[in-house]
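Participant: Right, I'll just put the structure down here and ask away after.
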Amino acid sequence: MSGSIEPIVQGQVIFDIGQNIDKCFILQKGSIHIMNSKEEKVGGIGPNTMFGFTELVKGKFEHSTKAICVSSGTVVSFPSEIIKNKLEVYKEDSKSFLETLADQVLGKK
Amino acid sequence: MSSDFDFGNFLDLKNQVILKINCIKLFQCLCNPKKSQKDISLIRDNILEDPISKSFSGFFDVILNLKLDNKDSILRAFPHLNLMIKTLNDNGEADAEILGTKQKLKENLSDFYIRIMDKDDIWVISQIHEFLESESDLATILTRILDLEVSDMGIISEVRDLLENKNSLAGLEALLKKLLSDEDRGFITGEERRILLDRGVKESFVNLITKESLKDLTPQNLLEDKLFLISFSEEMLNDKPDFIEKITENGVILTSTGAESKDGFVFLVLSKNEMSNSFFENYDQSITEVI
């Protein structure tokens, strides 16, 4: 389960609402906007930031947001299994804390 | 051999800086592998022990298989190193290493050009230009020339001479254009493509026509002979088993593809003569003239 380097271009949808979370990403170059179902921006991703994994923390396996590239660059992608495996070892209180953070990131609280 | 993607180590920029600098050093050494044997072994080992490099199996395997007595393994390493150097973030901490290496490579470019003996040397130069300037036009043109699988020493020498010229980019662009027009493989380009598009053939069909299929035709044939589109299903071959035979007797099949409907086919055919025109116009309603 290794990483891949992928170019991204302006306007490219990295993932969309309802898609299975197969891969997670680290933005290396460029910028990305995270949009909700009303096409409102709920977050911006800058270089050296991991994204596309937040729902996994909530125990969900589909994206509830859309990631769109607003300036071209590069992402490093890796299988979401790696995050799922890491999350499995967390204890309940840690999970609860992470879920609260995930809600904030997804704009639900 | 590689382990899972280690995103913790990857997100630590210090680790990215270390790997990036090692990749730059290895790139520079591989440009002169005979002079840098000791250094190459040391840097190669550092990269293989790096926690990040293990996270990229393609890159890791190429470095693992890098052997100084195996030219192919050296040639394979260049694009992987370029991609890593371009991708890894460093907050400017690798700038000095990049600038120093670029300076040294630029100073030695003319030596690299003079030493061109074969297509592998051109490959190395294209990778050096890609390192000097990401997505460099010169690197792209050199790679496209190599994609044509040139092995003729005359062409290799021409590339060498053009690289040594002041306006190397324009010269190499012209050479590529000439090589593409002489190329008898691949899909049609230029004049032949334009003629068919002007005649109303859908671009999706034109994109499928190979140079091989036009080898016995002149531009005049393409311009003036009647074109027919034949759309038929497998069932039709039961009724008219000699259908395809009759088509090839009367025309030249420029391309064939699957139809949108299941079990269907579409042929684009250039009629051979007046008698063939009459055949296509009357034989079956599945045949329509492209106007």
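Participant: What strands (runs of 3 or more DSSP E), lying completely within the range A:1-79, carry at least 3 residues that are within 14 Å of chain B (Cβ to nearest Cβ)?
Facilitator: Output list reads A:4-8, A:23-35, A:49-51, A:66-79.
Per-residue answers, yes or no, for (1) out of contact with any Ser or Thr (no Cβ under 8 Å at 6 or more places or on another chain); (2) open to solvent by 80 Å² or more (accessible area, probe 1.4 Å); (3) within 28 Å of B:VAL17 (Cα to Cα):
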{"position": "A:GLY3", "(1), (2), (3)": "no, no, yes"}
{"position": "A:GLN10", "(1), (2), (3)": "no, yes, yes"}
{"position": "A:ILE21", "(1), (2), (3)": "no, no, no"}
{"position": "A:CYS24", "(1), (2), (3)": "no, no, yes"}
{"position": "A:LYS38", "(1), (2), (3)": "yes, yes, no"}
{"position": "A:VAL57", "(1), (2), (3)": "yes, no, no"}
{"position": "A:CYS69", "(1), (2), (3)": "no, no, yes"}
{"position": "A:ASN85", "(1), (2), (3)": "yes, no, yes"}
{"position": "A:SER94", "(1), (2), (3)": "yes, no, no"}
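Participant: I'd like the full set of residues that are surrounded by fewer than 14 Cβ atoms within 10 Å (Cβ to Cβ) and more than 16 Å from B:ARG185 (Cβ to Cβ), limited to the range B:203-215.
Facilitator: If the condition is that a residue be surrounded by fewer than 14 Cβ atoms within 10 Å (Cβ to Cβ) and more than 16 Å from B:ARG185 (Cβ to Cβ), then B:GLU203, B:SER204 are the ones that fit.
Participant: Give the residues of the range A:40-52 that are open to solvent by 50 Å² or more (accessible area, probe 1.4 Å) and within 18 Å of A:ASP103 (Cβ to Cβ), sorted by residue number.
Facilitator: Within the range A:40-52, A:GLU40, A:LYS41, A:VAL42 qualify.
Participant: Right, next: Restricting the search to the range B:54-87, which residues are within 10 Å of chain A (Cβ to nearest Cβ), under 27 Å from the mean Cα position of the chain (by Cα) and of a type in the set (Gly, Ala, Ser)?
Facilitator: B:SER57, B:GLY58 - these are the residues of the range B:54-87 that are within 10 Å of chain A (Cβ to nearest Cβ), under 27 Å from the mean Cα position of the chain (by Cα) and of a type in the set (Gly, Ala, Ser).
Participant: Here's another thing I want to ask about it. When the range A:33-50 is examined, which residues are found to be within 26 Å of B:PHE10 (Cα to Cα) and in contact (Cβ under 8 Å) with a residue 40 or more places away in the chain?
Facilitator: A:VAL42, A:GLY43
Participant: In the range B:235-288, how many are within 26 Å of B:ARG193 (Cα to Cα), modelled with pLDDT of 85 or more and among the acidic types (Asp, Glu)?
Facilitator: 3
Participant: Still on this structure, I have one more. If a residue must be open to solvent by 100 Å² or more (accessible area, probe 1.4 Å) and within 28 Å of the chain's Cα centre (by Cα), how many such residues does the range B:216-229 contain?
Facilitator: Counting residues in the range B:216-229 that are open to solvent by 100 Å² or more (accessible area, probe 1.4 Å) and within 28 Å of the chain's Cα centre (by Cα) gives 1.
For every residue, the table says whether it meets (1) loosely packed, with under 15 Cβ neighbours inside 10 Å; (2) within 14 Å of chain A (Cβ to nearest Cβ); (3) in contact with a helix residue (DSSP H, G or I) (Cβ under 7 Å, 6 or more places away or on another chain); (4) not small (Gly, Ala, Ser).
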| residue | (1), (2), (3), (4) |
| --- | --- |
| B:LEU13 | no, yes, no, yes |
| B:ILE52 | no, yes, yes, yes |
| B:GLN103 | yes, no, no, yes |
| B:ILE114 | yes, no, no, yes |
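Participant: Does the range A:80-102 hold any residues that are touching an Asp or Glu at 6+ places or on another chain (Cβ under 9 Å) and in a loop (DSSP other than H, G, I, E, B), and which are they?
Facilitator: Listed by number, the list holds a single entry, A:SER80.
Participant: When you scan the range B:73-87, do you find a residue that is touching a strand residue (DSSP E or B) at 6+ places or on another chain (Cβ under 7 Å) and of a type outside the set (Ser, Thr, Tyr), even just one?
Facilitator: Scanning the range B:73-87, I find at least one residue that is touching a strand residue (DSSP E or B) at 6+ places or on another chain (Cβ under 7 Å) and of a type outside the set (Ser, Thr, Tyr), so the answer is yes.
The values are calculated or read from the model by the stated rules, or taken from the named source; none is laboratory data. Keep in mind that what you see is a predicted model, and the values were worked out from it rather than measured. When we count neighbours, we look across all protein chains shown, and the Cβ atoms used for this are built from the backbone with ideal geometry, even at glycine. We work out accessible area using only protein heavy atoms, side chains counted, and drop any ligands, DNA or RNA first. Shrake-Rupley method; radii C 1.70, N 1.55, O 1.52, S 1.80 Å.
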